[in-house]
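The values are calculated or read from the model by the stated rules, or taken from the named source; none is laboratory data. Given the structure is predicted, the values throughout are model-derived calculations rather than measurements. Note that each Cβ is placed from the backbone with ideal geometry, even for glycine, and that neighbours are counted across all protein chains shown.
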Amino acid sequence: MGKVIGAIVIAVLAFAAGALAMRNRAAPPDSHPQWTALGALPDWSGVWEVDWANKRGSPPKPAMKLKPEYQARLDAWNKGKERGENQQTQAANCVPPGLPGIMTQPYPVEFLYQPGKVVLLTEAYMQFRHIFTDGRAHPEDPDPAYYGHSTGKWEGDTLVIDSVGFNPSTLLREGVPHSDQLRIVERIRRASPEWLEIETTLHDPVVLEEPYTSVSSYRHLNDELREYICLENNRDGADDKGRASLNLE
């Protein structure tokens with residue numbers, strides 16, 4: 001009899017310990033204050049479209065000051081373009097442009113907030129960017145990516161984004177590659193109810209004589225992102241010199 005009672009007591013204690021462990025494991029840390037804090041951030045709801053028609057009347061973007069070697073590459077690229085070469089871009093083959101190019105595509109973007117992160121959705125190529133705002137540092141050796149590794153911090157109503165670690169196939173602009181030292185800093189703020197402003201500075205001491213800064217404007221749209229499937233009906237081809245050709249087969 002005593003052995004039976006002992007077994008029952010052990011079973012009850014084991015069950016109670018298991019239930020307690022399950023309860024402790026099931027109870028997540030209280031994240032409510034973190035979500036509440038998001039309400040204090042600037043309202044960037046809706047979608048935003050780059051001002052490709054320059055309705056805001058922004059001044060023209062300045063010219064990049066390139067190191068002599070890279071200026072020579074750009075000059076050669078421009079001459080090739082005049083001869084009808086260099087027409088086949090990565091975009092024609094559904095390869096996304098990466099940074100900084102994705103941020104000046106004529107398609108809308110959307111910002112989503114969550115604790116420790118801002119997610120930037122782009123309709124072009126249906127891409128997304130994770131911008132970590134939880135105070136983490138960049139990896140010491142980040143895996144090269146089209147949009148790099150991005151960390152951010154809020155300075156008042158401005159989101160400051162620092163990105164490193166870019167795929168070597170991405171470009172600073174058409175005809176201008178970058179080095180593995182490229183760093184991109186973006187400062188995003190809502191300049192008015194209808195306009196979002198993004199100041200972008202490219203740092204690449206191998207390619208650029210000095211940091212290059214440009215400003216882009218995005219107008220607010222009462223709209224939503226649409227599906228963008230680049231591969232649908234894609235028939236573009238290229239000849240052996242990279243010139244665009246039409247292939248309907």
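Conditions tested, residue by residue: (1) assigned by TED's automatic domain parsing to the domain that holds GLU197; (2) in contact with a strand residue (DSSP E or B) (Cβ under 7 Å, 6 or more places away or on another chain); (3) not aliphatic (A, V, I, L, M).
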position	(1), (2), (3)
ALA91	yes, no, no
CYS94	yes, no, yes
MET103	yes, yes, no
VAL109	yes, yes, no
PRO115	yes, no, yes
THR122	yes, yes, yes
GLN127	yes, no, yes
THR133	yes, yes, yes
ARG136	yes, yes, yes
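What tally of residues in the stretch 153-189 results from selecting those that are under 17 Å from ASP43 (Cα atoms), of a type outside the set (Ser, Thr, Tyr) and either in contact (Cβ under 8 Å) with a residue 60 or more places away in the chain or not in a loop (DSSP other than H, G, I, E, B) (or both)?
9
Taking the conditions exactly as written (on the phi > 0 side of the Ramachandran plot, assigned to a loop (DSSP other than H, G, I, E, B) and loosely packed, with under 15 Cβ neighbours inside 10 Å), does GLY135 satisfy them or not?
Yes; evaluated as a whole, the condition is true for this residue.
For (1) among the aliphatic types (A, V, I, L, M); (2) at positive phi, each residue gets a yes or a no:
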residue: LYS67; (1), (2): no, no
residue: TYR70; (1), (2): no, no
residue: LEU74; (1), (2): yes, no
residue: ARG83; (1), (2): no, no
residue: CYS94; (1), (2): no, yes
residue: PRO106; (1), (2): no, no
residue: PRO115; (1), (2): no, no
residue: VAL119; (1), (2): yes, no
residue: THR122; (1), (2): no, no
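Tally time: how many residues in the stretch 201-212 are free of Cβ contacts under 8 Å to residues at least 60 places away in the same chain and either in a strand (DSSP E or B) or of a type in the set (Gly, Ala, Ser) (or both)?
Within the stretch 201-212, residues that are free of Cβ contacts under 8 Å to residues at least 60 places away in the same chain and either in a strand (DSSP E or B) or of a type in the set (Gly, Ala, Ser) (or both) number 2.
Has the stretch 198-206 got at least one residue that is at pLDDT 95 or above and exposed (fewer than 14 other Cβ atoms within 10 Å of the Cβ)?
The answer is yes, given that some residue of the stretch 198-206 is at pLDDT 95 or above and exposed (fewer than 14 other Cβ atoms within 10 Å of the Cβ).
Looking only at the stretch 109-154, count every residue that is of a type in the set (S, T, N, Q) and over 10 Å from the mean Cα position of the chain (by Cα) and tell me the total. Outline the logic, then answer.
So the first thing to find is which residues in the stretch 109-154 are of a type in the set (S, T, N, Q), and the list is 114, 122, 127, 133, 150-151.
When the remaining residues are screened for being over 10 Å from the mean Cα position of the chain (by Cα), the result is 114, 133, 151.
Residues meeting the conditions: 3.
Regarding LEU99, is this residue closer than 23 Å to SER217 by Cα and either in contact with a His (Cβ under 8 Å, 6 or more places away or on another chain) or not in a loop (DSSP other than H, G, I, E, B) (or both)? Break it down into steps so the answer makes sense when it comes.
Details: closer than 23 Å to SER217 by Cα: yes; either in contact with a His (Cβ under 8 Å, 6 or more places away or on another chain) or not in a loop (DSSP other than H, G, I, E, B) (or both): no.
No; evaluated as a whole, the condition is false for this residue.
Let me spell it out: the conditions are (1) part of a loop (DSSP other than H, G, I, E, B); (2) touching a helix residue (DSSP H, G or I) at 6+ places or on another chain (Cβ under 7 Å); (3) of a type outside the set (Asp, Glu), and ILE198 meets all of them except one. Which number is the exception?
Of the numbered conditions (1) part of a loop (DSSP other than H, G, I, E, B); (2) touching a helix residue (DSSP H, G or I) at 6+ places or on another chain (Cβ under 7 Å); (3) of a type outside the set (Asp, Glu), the odd one out for ILE198 is (1).
Looking at the stretch 117-125, can you tell me whether even one residue there is closer than 29 Å to TRP35 by Cα and either touching a Lys or Arg at 6+ places or on another chain (Cβ under 6 Å) or in a loop (DSSP other than H, G, I, E, B) (or both)?
Yes: the stretch 117-125 contains one or more residues that are closer than 29 Å to TRP35 by Cα and either touching a Lys or Arg at 6+ places or on another chain (Cβ under 6 Å) or in a loop (DSSP other than H, G, I, E, B) (or both).
Quick test for you: out of SER217, SER192, pick the one residue that is over 16 Å from GLN71 (Cβ atoms), without any contact (Cβ under 8 Å) to a residue 40 or more places away in the chain and of a type outside the set (Asp, Glu).
Of SER217, SER192, the one residue that is over 16 Å from GLN71 (Cβ atoms), without any contact (Cβ under 8 Å) to a residue 40 or more places away in the chain and of a type outside the set (Asp, Glu) is SER192.
Can you tell me which of (1) under 12 Å from the mean Cα position of the chain (by Cα); (2) among the acidic types (Asp, Glu); (3) under 18 Å from GLY46 (Cα atoms) is the one GLU194 doesn't meet?
Among (1) under 12 Å from the mean Cα position of the chain (by Cα); (2) among the acidic types (Asp, Glu); (3) under 18 Å from GLY46 (Cα atoms), GLU194 violates only (1).
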